[in-house]
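Here's the structure we're looking at; comments come further down.
The values are calculated or read from the model by the stated rules, or taken from the named source; none is laboratory data. Computed from a predicted structure; not experimentally measured. Quick reminder, even Gly has a Cβ in these numbers, built from the backbone with ideal geometry, and neighbours come from all protein chains shown.
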Amino acid sequence: MNAFSKSLVLACMLVNAAVTVAGEHMKPNIVILATGGTIAGAAATETQAGYTSAEVGVETLIKAVPQLSELANVSGEQVANIGSQDMNDAVWLQLARRVNDRLAEDEVDGIVITHGTDTIEETAYFLNLVVNSDKPVVMTAAMRPATALSADGPLNIYNAVAVAADPNARGRGVLVVINDDIHGARGMTKTSTTDVQTFVSAERGLMGATLYGQNRYYRRPYRLHTLDSEFSITGLASLPRVDIIYISAGVSPDLIDAAVANGAKGIVTAGVGNGNMTAAALAALERARKKNVVVVRSTRVTSGTVGRNIEIDDDALGTVASGELNPAQSRVLLKLVLTKTDLPADVQAYFDTY
Ligand code: ASP
């Protein structure tokens with residue numbers, strides 16, 4: 001090769017390198033915060049139903065999807081490594097702080113959080129209320145462990161990064177991307193213990209859908225969230241105790257009394273029908289109210305709303321109706337509301353707004 005050819009080859013290499021660097025700069029920067037769950041789970045064989053959640057670390061999750069580099073510059077951080085059945089207030093606070101800190105960095109364009117499916121609806125709604133940025137925060141999960149035949153995690157991660165990298169996802173609150181669906185945090189719930197198509201957004205429908213990273217949006221959130229939310233975790237070391245009491249035919253009032261005796265500041269009932277319960281349970285709630293415990297009536301029914309003063313006189317009892325929020329998401333909201341007020345009328349106003 002003569003001197004001229006050599007310099008031509010060198011010039012081409014430099015141009016290529018510059019184009020690559022420019023391309024990396026143009027791609028959004030997405031941070032994956034991993035918390036564990038089945039998406040990071042492992043079984044002994046590809047076809048075994050039994051498995052252990054939270055076995056695989058974030059770097060392995062990222063390496064399993066090399067196609068992510070087509071979408072974004074992706075980096076990972078391990079915030080926790082638990083099955084989401086072990087999710088708790090302390091991890092919520094730690095995770096929310098990490099999300100807010102990373103989103104405050106100019107160069108971070110969006111966050112993906114990997115999580116277990118069992119309590120993702122609670123974490124998503126908690127973050128929806130306390131994240132103070134309109135950059136995309138997208139949660140994802142899987143029903144099959146990472147080692148399974150037809151594991152659903154890798155495509156869910158790919159789609160979640162595609163949504164987090166999408167400027168059109170901004171301002172829609174915390175999203176949950178799973179099985180090609182884009183759910184808004186509020187109102188989504190797990191409906192099947194084993195089915196890959198387990199999540200539904202029964203009352204208001206999906207926020208959108210995604211197919212191999214091609215995103216479509218159907219609606220915007222209908223309640224306050226993220227930047228417009230009054231809730232803040234700044235200075236919060238813990239959250240108030242709120243217990244959920246499951247109501248059934250002939251339910252005893254004992255568990256309500258026990259919750260109060262053990263220090264619950266709030267009680268959410270998973271009532272029958274429109275948040276109904278036995279007269280004995282109502283009497284126990286009346287006792288709880290006399291001790292200033294805030295009571296929210298939700299329902300064990302999977303869709304529909306719980307309205308005020310339908311069969312139960314909320315005005316007389318001083319109870320709050322959950323509206324569309326299921327018991328698990330009612331508990332999340334009540335924990336945050338209790339950091340501000342315990343007056344039933346004000347609590348009801350929060351439930352009507354968030
Ligand atoms: N138990 C698991 C968890 O929530 C289930 C899952 O991730 O699908 O962590």
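Let's see how each residue does on (1) touching a Ser or Thr at 6+ places or on another chain (Cβ under 6 Å); (2) under 30 Å from Thr193 (Cα atoms); (3) modelled with pLDDT under 95:
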position	(1), (2), (3)
Leu8	no, no, yes
Ile39	yes, yes, no
Ser53	yes, yes, yes
Val99	no, yes, no
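If you check Thr38 against the conditions, is it in contact (Cβ under 8 Å) with a residue 24 or more places away in the chain, within 19 Å of Gly173 (Cα to Cα) and within 11 Å of the ligand (Cβ to nearest atom)? It is false that Thr38 is in contact (Cβ under 8 Å) with a residue 24 or more places away in the chain, within 19 Å of Gly173 (Cα to Cα) and within 11 Å of the ligand (Cβ to nearest atom).
Among the residues making up segment 216-234, those that are buried (at least 18 other Cβ atoms within 10 Å of the Cβ) and of a type outside the set (Phe, Trp, Tyr) are Pro221, Arg223, His225, Thr226, Ser229, Ile233.
Are any of the residues in segment 259-270 on the phi > 0 side of the Ramachandran plot, of a type outside the set (Gly, Ala, Ser) and surrounded by fewer than 20 Cβ atoms within 10 Å (Cβ to Cβ)? The answer is no, given that none of the residues of segment 259-270 is on the phi > 0 side of the Ramachandran plot, of a type outside the set (Gly, Ala, Ser) and surrounded by fewer than 20 Cβ atoms within 10 Å (Cβ to Cβ). Every test in (1) assigned to a helix (DSSP H, G or I); (2) of a type in the set (Lys, Arg); (3) over 18 Å from Thr341 (Cα atoms) is passed by Arg289 save one, and that test is (3).
Residues in segment 145-154 that are touching a residue at least 12 places away in the same chain (Cβ under 8 Å), assigned to a loop (DSSP other than H, G, I, E, B) and within 13 Å of the ligand (Cβ to nearest atom): Pro145, Ala146, Ala148, Asp152.
Pairing each residue of segment 158-181 that is closer than 21 Å to Val130 by Cα with any residue that is of a type in the set (Lys, Arg), provided the two are 6+ apart or on different chains, yields C-beta distances under 7 Å for Arg170/Lys135; Arg172/Arg220. Checking the conditions here, which among Gly76, Gly23, Gly57 is at pLDDT 95 or above and either of a type in the set (A, V, I, L, M) or more than 16 Å from the ligand (Cβ to nearest atom) (or both)? So the residue among Gly76, Gly23, Gly57 that is at pLDDT 95 or above and either of a type in the set (A, V, I, L, M) or more than 16 Å from the ligand (Cβ to nearest atom) (or both) is Gly76. Return the only residue of Thr147, Thr123, Thr117 being of a type in the set (Val, Ile, Thr) and touching a Phe, Trp or Tyr at 6+ places or on another chain (Cβ under 7 Å). Being of a type in the set (Val, Ile, Thr) and touching a Phe, Trp or Tyr at 6+ places or on another chain (Cβ under 7 Å) holds for just one of Thr147, Thr123, Thr117, which is Thr123. Here segment 105-144 is the region considered, the condition is being touching a Gly at 6+ places or on another chain (Cβ under 6 Å) and within 16 Å of the ligand (Cβ to nearest atom), and the residue that is farthest from Ser232 (Cα to Cα) is Ala142. When segment 250-273 is filtered for residues that are over 16 Å from Ile312 (Cα atoms), in a loop (DSSP other than H, G, I, E, B) and at pLDDT 95 or above, the ones remaining, listed by number, are Gly250, Val251, Pro253, Asn262, Gly263, Ala264, Lys265. Remark: Ile157 falls outside the filter, which requires a residue to be closer than 27 Å to Leu333 by Cα, within 14 Å of the ligand (Cβ to nearest atom) and at pLDDT 95 or above. Is it the case that segment 128-141 has a residue that's without any contact (Cβ under 8 Å) to a residue 60 or more places away in the chain and in a loop (DSSP other than H, G, I, E, B)? There is at least one residue in segment 128-141 that is without any contact (Cβ under 8 Å) to a residue 60 or more places away in the chain and in a loop (DSSP other than H, G, I, E, B). If only residues of segment 87-104 that are within 19 Å of Val58 (Cβ to Cβ) and surrounded by fewer than 16 Cβ atoms within 10 Å (Cβ to Cβ) are counted, the one that is farthest from the ligand (Cβ to nearest atom) is Asp101. Of the helices (runs of 4 or more DSSP H) lying entirely inside segment 299-354, the ones with 1 or more residues being surrounded by 14 or more Cβ atoms within 10 Å (Cβ to Cβ), of a type outside the set (Ser, Thr, Tyr) and in contact (Cβ under 8 Å) with a residue 60 or more places away in the chain are found at 327-337.
Of all positions in segment 240-256, at least one carries a residue that is under 28 Å from the mean Cα position of the chain (by Cα) and charged (D, E, K, R). Filtered by the rule that a residue be of a type in the set (S, T, N, Q) and closer than 27 Å to Lys190 by Cβ, segment 68-113 gives Gln78, Asn81, Ser84, Gln85, Asn88, Gln94, Asn100. Do we have Arg186 as farther than 23 Å from Ala34 by Cα and either within 18 Å of the chain's Cα centre (by Cα) or part of a loop (DSSP other than H, G, I, E, B) (or both) here? Against the criterion (farther than 23 Å from Ala34 by Cα and either within 18 Å of the chain's Cα centre (by Cα) or part of a loop (DSSP other than H, G, I, E, B) (or both)), Arg186 does not qualify.
Give the number of residues within segment 301-354 that are small (Gly, Ala, Ser) and over 25 Å from Gly205 (Cβ atoms). Residues meeting the conditions: 4.
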